[in-house]
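I have placed the structure first, in the form of structure tokens, so that the comments after it can refer back to it.
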Amino acid sequence: MTDLFLPDDDTLYAALLARDPAWDGRAYVGVSSTGIFCRLTCPARKPKRENCHFLPTVAACLAAGYRACLRCRPLRPEGDGDPVVTRLLAALEADPARRWTEGGLTAMGLDPSTVRRSFKRQFGQTFLDMARQARLQAGLTTLAQGGRVIDAQIEAGYDSPAAFRAAFARHLGLPPGSFRANARLRADWFDTVLGPMIAVSDRTHLHLLEFADRKALPTELKRLHASCKGDMGFGRLPPIDEAEAQLTAFLAGRRARFDLDLALHGTPFTCRVWQALQELPAGSTVSYSELARRLGRPEAVRAVARANGANQIAIVIPCHRVLGADGALTGYGGGLWRKQRLIELERAYAQTERTPA
């Protein structure tokens, strides 16, 4: 288990020189010649190798007597101080059905390329993509409340039924008419600090929990739709309410573990991998090879990786806790920026469990 341990200093110094975003928030550098500490992505001039002291957390940097850098601001989440991001998020929240274009950004005195870079760096997607998702989610809310497809289309700001159905199909993988009223499985969405998530449940078990912008979501929903023979609709059932409540508490630092009834759609080996992931305590990490060894299948590293990637209940089945053999971030369906945030968040849980009562 890699836990809070860092790789060797040569690896981290190379990441510092490259400003590797894979280590942002997971390791920091204290510079003995200046007495400050920075993110590894800091744009400041790079210190000499002999002046670098690498530490795993902000708390460790402060305890060692380092002051926070004023350029990369390691005490604040990346993007918090970006006025462009703040302004556009407020505008999107005020009018989620607005049709945003690059021309609209220019009319606000903003450079579309700067906006694109800022949002990709902070959220792993562009502002225009985020705005399109907000429009579709407005339509999804109407459908979940029992509204007609035409009402959902209008609420989402689409003039053409064909355009709405095409956008909906691209986003969820199924056109609106594929969803039944009073179905056994119901789909709904809710907001989190890491972005909107879509959940699917029956009356007793959670079947899917994914970030709305995950590229594999349409495929996952198609597969789930086929497995239940099309008996899927929109709406909120008790497992979704409970998932939202527990996830909100987890992301707020108030709950380290989940207690949800899950319906696992996978082969016996895949389900074993998912169950092993759930046994990892918050704040710990593991490599694919180590997870394979724990399952008694040290030769099945690739199969473990495939099972990890096939997980369709994000965060609750914590596939974000699997790192590369060298401790670096590896692919994550929800985006590496979310994986980084989750690992950083969970360090507080790890520190609490280590603190003697």
Mind checking which pairs have a first residue in segment 186-202 that is assigned by TED's automatic domain parsing to the domain that holds Pro238 and a second that is part of a strand (DSSP E or B) and of a type in the set (S, T, N, Q), Cβ under 7 Å, 6 or more apart or different chains? Arg186/Ser201
Out of Phe211, Phe258, Phe250, which single residue is touching a helix residue (DSSP H, G or I) at 6+ places or on another chain (Cβ under 6 Å) and in the same structural domain as Leu345 (by TED's automatic domain parsing)? Phe258
The residue from Leu224, Leu247, Leu237 that alone is more than 29 Å from Gly331 (Cα to Cα), of a type in the set (A, V, I, L, M) and modelled with pLDDT of 85 or more is Leu237
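If you go through segment 80-125, how many residues are outside any helix (DSSP H, G or I) and at pLDDT below 85?
As a first pass, look at segment 80-125 and keep what is outside any helix (DSSP H, G or I): 80-82, 95-101, 108-111, 124-125.
Next, from what is left, pick out any that are at pLDDT below 85: 80-82, 95-99, 124-125.
Final tally of qualifying residues: 10.
The values are calculated or read from the model by the stated rules, or taken from the named source; none is laboratory data. All values reported here derive from a predicted model rather than from experimental measurement. Cβ: placed from backbone, ideal geometry, glycine included. Neighbour counts: every protein chain shown.
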